[in-house]
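Input: a single structure, listed below in C-alpha cells.
Bear in mind these aren't lab numbers, they're just calculated from the coordinates by the rules spelled out. Everything numeric here is computed off the predicted structure, so don't read it as measured data. All Cβ positions, even for glycine, are placed from backbone atoms using ideal geometry, and neighbour counts span all protein chains on display.
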Amino acid sequence: MLPRGMNRGFLTEEEKANRPKVTLPLLKRIFSYLAPYWKQMAIVLVCIAASSVLSLLPSVLTGRIIDEGLIGRDMQMLVILIAASLGVTLGANLIRVAESYLNNWIAQHITFDMRNNMYRHLQQMPQSFFTSSNQGDIITRMTSDISGVERVVTSTFTSILSNTITLVSAVIIMFRENWILALVGALVIPLFTIPTRWAGKTRWTLTRDAQECNDEINGILNETLSVSGQLLVKLFNKEDYEYDRYKDANHNMIRLRIRESMAGRWFMVIINTFSSVGPMLIYLAGGILMMRYNSDLTVGDISVLVALLGKMYGPVNSLLNIQVEWIRSMALFTRIFEYFDMPVEIKNAEDAVLPENKASGTVEFKNVNFSYDGMGKILENISFTLESGKSVAIVGPSGSGKSTMVNLIPRLYDVNSGSVEFDGVDVRDLDLGYLRSNIGIVSQETYLFNGTIRENLLYAKPDATDQELAEACRKANIADFICSQEKGIDTMVGNRGLKLSGGEKQRISIARALLKDPALLIFDEATSALDSISEHKIQEAMEPIIKSRTSIIIAHRLSTILAADEILVVKDGRIVERGAHADLVKKGGVYTELYETQFRGALEAA
Ligand code: ADP
C-alpha cells in the first residue's frame, strides 16, 4: 500500500491548466473569513507549536535513557527518564486533542458563515441565473466546495504549520547534538524523498490510465449489452467486431493493473532500503567519529540523531505535497468567491417607494423592449394598460413572449428599455417586497413542495385562519376534492405534488395565490390538455376571479379569453392585434388563425 495521500500529491492536467492566480487581494479576502476567530487561531497556533516540539522530546530523552540510565547503570534515573518520556508523549497527544477540537470549531464556524452568506446571495440572483446555470454546479459549490474549505482549515493550514515546526525543531536539535551527523542526515533525506515522489507519480499515472481504461470498458458494456445495443449488433452482424473491441480494452486493462501493482512493489523495496540507509549512515559516521577521531559523541547522541531522522520522513513528505494542496485550496476559494462576486442585478432601489395603502393592481407597459442575453430581442415596443378591476388575456403562438411579458411585472427580469409600472410607479422604483406581495402568480408549472395541502397553502399566508383557507379552496373549486380525501386538508401531496392530478395541482395553486389576496393576479393557463372535467372545474374557478380581480391571463382556452375585458395578441415579441373577441375574429389576422386552429376546435370538443 502507498502511504495515505500519495495519489493526491499531483495535479491533474485540468488542475494545471486552471491554476488559480494567487494575489494579495485573494489572500486578504481568505483571511477576512479567518479574522473573526483570531483568538482561537492564536491558541491553535500555540498548541501546534507545543505539541510539535513535545513530540520530538522523547527522541531526545532516548539519548539520556541510553547514556545515563543503561550505560550509566542508574536505575532511578532510568525510571524517571522513562516516565518523563511517556508523560511528554501523553502531554503532546492531549494538546493535539485540544488543538483538533478548536480547529474543527473554527472550521465549522467559518463554513457556517460562508454557507449562510452564499445561500443569501444566491437567493438574490436573478431568475436568469437559475435558468442558465447547471443546477448540479450550484449544489456542488454550496456543498462540496464549502466543505473543502473546512478541510483546508483543519488539515492544510495545520499540516503546513505543524510539519514546518517539527522539521525546523528537529534540524536545530540535530545540529546542536552534532553538526557532522546532522549534515549526514540532511544528505540522506533527498535519498528517500526523490524516489518516493518518482514512484508516487508513476503509480498515480498508472491509476489514472487504468481508470480511463475502465471507463472505456464500461462504455462498451453499456452500449452493446443493452436491449437496443444488442439489437443493433445483431442486425449489423457486429458480434466479432464488438468482441475484439472488448478483448483489446480488457487486455489493456490487465497490463495496466499488473504494472500498477509492480510499481507499488518496487516502491516499497526502494522506500524500505532507503529508510534503512539513513540510520545506517549515521551509525557509520558516528562510529567513525567515536573510534577514529576520538569524538566525545556518546551512543545516546547517535540514537537521538537516528530517532530524529525517523521523525523527519513524514513532515518532509507532507511538505513536498503542500504545494499541490495549496494550489487546490486557492482554486477552491477562487471558485467560491466567483459566486460571491456575481452581482445582484435585481435589488431594491436605494430610495425605493413603499406605499402605505394596499395596491390597486393597475399595470402599464410603456414601450418595453427586452432580451434575455442583451442580443436577440424577445419583446419589442410593448405598450398596454390594465386598469384596476379589469382583466386582459394575452394570446399568441408558443414562444411569442407571453410568459416573458408577465415575468417583467414582479421583476423576475428587468426591462432593457421602456418601463413597466405598477400602481403608477416604475417597478424598479418600488419596494421589491411590496411589489411581489401584491402580485399572485399561478404558473403553468405548478410547484407544490412535499407536505400537506394545508402546508402548501400556508406558504402564501402563514397566519391564515381555517376559515380563510376554506374560502380560498372554495373559490379555487378544490374544496370538494379536499373534503373527499380521508385526511382532508392534511392530505400529503407527495414529492412535487405527484400524488395529485394536474388539474388538482392547478386548483391548489390557484387557492394558494388567492390566499395571498393579491392586487394583481397573473394566471398562466396550462397548455397541456387536462381532462374535460378538470378543465371545467378550473374554468368555473377562474371566470369569477377574472371578472372580480385585476388579472392578466396567458390564455389558451376560449372560455378564459371570453371572460377577459381585453385581448392582446402577441407574435414574435410584438402586440400585433388588440381588442374584443368579436372584432378580432372578423379581422382575418393572427387571432382569426389562432381561433380557427386552436380555440374553436377546443370549444367544439368540450
Ligand atoms: P411564450 O410564453 O409565448 O410561449 P416565452 O416568453 O416563454 O414565450 O418565450 C419567448 C422567447 O424567449 C422564446 O424564444 C424562448 O426561447 C425565449 N426564452 C424564454 N425564457 C428564456 C430564458 N430564461 N432565457 C433565454 N431565453 C428564453
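Just a few scattered comments:
- Helix 239-292 axis, angle to the chain major axis (alpha carbon atoms, nearest 10°): 40
- Where labels lie 7 Å past Cα in the beta-carbon direction, separation of T23 and E338 in nm: 1.5
- The angle separating the long axis of helix 532-548 from the principal Cα axis of greatest extent in the chain is about 80 degrees.
- Taken over the alpha carbons of the stretch 479-591 as equal point scatterers, the Debye sum produces base-10 log I(q)/I(0) values at 0.15, 0.17 Å⁻¹ of -0.76, -0.92.
- Per-pair calculated FRET efficiency, R0 = 56 Å: C483 and F31 via Cβ, rounded to 0.05: 0.35
- Cut-off under 5 Å, modelled amide H: who pairs with V570 long-range: V395, G396, V576
- Label point distance in nm, N252-V79, each placed 7 Å from Cα along Cα→Cβ: 7.0
- Were the residues from K16 through L284 laid out at 0.36 nm apart, the gain over their Cα-Cα distance would be 92.1 nm.
- P(r) for the stretch 322-398, from all Cα pairs and a bin width of 5 Å, is 3, 9, 8, 13, 14, 13, 10, 8, 6, 5, 5, 4, 2, 0 %, short bins first.
- Distance-filtered residues of the stretch 401-433 - backbone nitrogen under 17 Å, label point 7 angstrom along T385 Cα→Cβ: 419-427
- A Förster radius of 45 Å, combined with the Cβ-Cβ distance separating D373 from D583, puts the computed FRET efficiency at roughly 0.75.
- Radius 14 Å from Cβ of F130, net charge of other residues (Lys, Arg +1; Asp, Glu -1): -2
- Distance between modelled label sites at V299 and E468, nm, 7 Å Cα→Cβ extension: 9.0
- When the stretch 104-229 is reduced to its Cα atoms, the Kirkwood hydrodynamic radius in Å: 20.4
- Chain lengthening between E596 and D565 when straightened (0.36 nm per residue, less Cα-Cα): 9.1 nm
- For the stretch 448-517, the relative contact order comes to 53 percent (Cα pairs under 8 Å, sequence separation of at least 6).
- Computed over the stretch 451-570, relative contact order equals 28 percent, with contacts defined as Cα pairs under 8 Å that lie 6+ residues apart.
- The number of Lys pairs in the stretch 448-517 with C-alpha atoms less than 20 Å apart, excluding pairs fewer than 8 positions apart on the same chain, is 8.
- Taking every alpha-carbon pair under 8 Å whose residues sit at least 6 apart, the chain reaches a relative contact order of 14 percent.
- Applying 1/(1 + (r/R0)^6) with R0 = 35 Å to the Cβ-Cβ distance of Q211 and L319 gives a FRET efficiency near 0.80.
- Rounded to 10°, Cα long-axis angle of helix 38-64 versus longest principal axis of the chain: 30
- DSSP loop GluC sites (Glu not before Pro) with at most 14 other Cβ within 10 Å: longest gap in the chain: 1-344
- Modelled label reach - S275, point 7 Å along Cα→Cβ, the stretch 306-323 residues with backbone N closer than 15 Å: 307-318
- Gyration tensor verdict on the stretch 448-517 (Cα atoms; rounded if a/c is under 1.5, prolate if a/b is larger than b/c, oblate otherwise): rounded
- For the chain, the alpha-carbon radius of gyration amounts to 1.47 times the rule-of-thumb value 2.2 N^0.38 Å expected for a compact globular protein.
- Segment K201-S132, length gained on full extension (0.36 nm per residue, minus Cα span): 21.0 nm
- Across q = 0.10, 0.16, 0.24 Å⁻¹, the stretch 179-296 modelled as identical point scatterers on its alpha-carbon atoms has Debye log10 I(q)/I(0) values of -0.55, -0.83, -1.19, in the order of the q list.
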